[in-house]
Amino acid sequence: MWILYAFCSALFAGLTAVLAKIGIQKINSHLATALRTVVVLVFAWMMVFIVGSQSSISSVDSRSWLFLILSGFATGASWICYFRALQTGDVNKVAPIDKSSTVLTMLLAFLLLREALSLNMLLGMCLIFTGTLLMVTKTGSGGGSPTAGGRWLLWAVLSAVFASLTAILSKIGIAGVESNLGTAIRTAVVLAMAWGIVFFLGLQREIRGIGAKSWLFLGLSGLATGLSWMFYYRALQEGPASVVVPIDKLSILVTVAFSALLLKEPLGWSGILGAVLVLGSTLISELPVRAAAETK
């Protein structure tokens with residue numbers, strides 16, 4: 001079932017980027033991150049009480065608390081960088097860079113978690129890197145080039161680095177912790193971090209000027225994020241991080257498709273080829289694990 005959970009995570013994660021892009025067009029990215037996190041936190045704790053895992057919070061050991069909190073900070077940093085990049089760059093360029101964190105996550109899973117790194121996975125990593133490069137350097141997508149639109153490229157790269165740290169820290173932190181409870185704890189850390197930045201910069205005064213459309217799409221993007229997290233950390237709890245993460249990164253395909261339909265961001269042939277390579281890399285990375293599971 002963890003494979004199905006990972007694919008559901010990819011679907012909702014892909015929707016998150018497009019919904020958030022629409023919602024943050026006229027809002028400071030830090031404030032938008034803080035507002036979205038409120039929605040995610042409500043959804044996360046609602047799931048905790050639905051499954052009845054709130055009673056187990058007292059049994060979470062200090063090691064799990066430490067890594068859940070660290071993963072929350074990493075998530076917050078990733079979100080801040082991601083939505084800053086998303087505000088000035090094209091969705092179908094920012095998202096592939098962010099999702100390239102797959103390569104670093106697989107390497108860290110091998111080095112720190114002692115997860116196997118097969119030849120298929122190495123090939124998949126190469127395809128992910130090549131596909132991401134093709135999607136980012138495609139022509140005809142307007143104002144999101146590496147030399148225009150500000151520092152979106154740097155923010156997107158930082159987002160990928162923190163996202164990879166999030167996956168590893170979360171994998172360690174949720175060992176022995178119910179996945180919904182782990183997600184809720186991490187989200188609370190992200191919320192505190194995001195609103196700390198908002199009040200430090202004095203952005204809370206801008207809340208009154210947010211329009212109805214922005215509120216709607218920020219709310220929807222927060223809900224999509226909550227659903228994505230719910231499935232992602234359930235998959236991460238039951239399956240290997242080196243396979244769950246690549247499947248989750250298929251959200252690139254969802255993001256690119258919806259950015260073309262809703263945001264009218266063109267997708268050239270190099271972008272399509274890059275998306276195909278990303279899909280192929282996921283299948284290559286996943287098949288050995290599925291075969292092993294089926295023989296047990």
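The values are calculated or read from the model by the stated rules, or taken from the named source; none is laboratory data. Keep in mind it's a predicted model, so treat the numbers as computed, not measured. In this analysis, Cβ positions are derived from the backbone assuming ideal geometry, glycine residues included, and neighbour counts consider all displayed protein chains. Surface areas here come from the heavy atoms of the whole protein model, side chains and all, with no ligands, DNA or RNA. Shrake-Rupley method; radii C 1.70, N 1.55, O 1.52, S 1.80 Å.
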Return only the number of the condition from (1) surrounded by fewer than 20 Cβ atoms within 10 Å (Cβ to Cβ); (2) in contact with an Asp or Glu (Cβ under 8 Å, 6 or more places away or on another chain); (3) over 27 Å from residue 253 (Cα atoms) that residue 54 does not satisfy.
(2)
For the stretch 187-216, what are the residues that are under 14 Å from residue 25 (Cβ atoms) and polar (S, T, N, Q)?
214
Just one listed residue, out of 99, 138, is open to solvent by 10 Å² or more (accessible area, probe 1.4 Å), at pLDDT below 85 and among the basic types (Lys, Arg), and it is 99
Residue in the stretch 73-80 that is at pLDDT 80 or above, open to solvent by 60 Å² or more (accessible area, probe 1.4 Å) and closer than 23 Å to residue 177 by Cβ present
yes
Restricting attention to the stretch 108-119, the residues that are open to solvent by 70 Å² or more (accessible area, probe 1.4 Å) and either assigned to a helix (DSSP H, G or I) or free of Cβ contacts under 8 Å to residues at least 40 places away in the same chain (or both) number exactly 5
If you take just the helices (runs of 4 or more DSSP H) that sit entirely in the stretch 185-267, which of them hold at least 1 residues that are of a type outside the set (Asp, Glu), modelled with pLDDT of 90 or more and surrounded by 16 or more Cβ atoms within 10 Å (Cβ to Cβ)?
212-238
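Conditions tested, residue by residue: (1) over 17 Å from residue 228 (Cα atoms); (2) crowded, with 19+ Cβ neighbours inside 10 Å; (3) without any contact (Cβ under 8 Å) to a residue 40 or more places away in the chain; (4) out of contact with any helix residue (DSSP H, G or I) (no Cβ under 6 Å at 6 or more places or on another chain).
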position: 17; (1), (2), (3), (4): no, yes, no, no
position: 28; (1), (2), (3), (4): yes, no, no, no
position: 34; (1), (2), (3), (4): yes, yes, no, no
position: 37; (1), (2), (3), (4): no, yes, no, no
position: 43; (1), (2), (3), (4): no, yes, no, no
position: 58; (1), (2), (3), (4): yes, no, yes, yes
position: 62; (1), (2), (3), (4): yes, no, yes, yes
position: 66; (1), (2), (3), (4): yes, no, no, yes
position: 70; (1), (2), (3), (4): yes, yes, no, no
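What residue, among those in the stretch 83-92 that are under 16 Å from residue 265 (Cβ atoms) and open to solvent by less than 10 Å² (accessible area, probe 1.4 Å), is modelled with the highest pLDDT?
85
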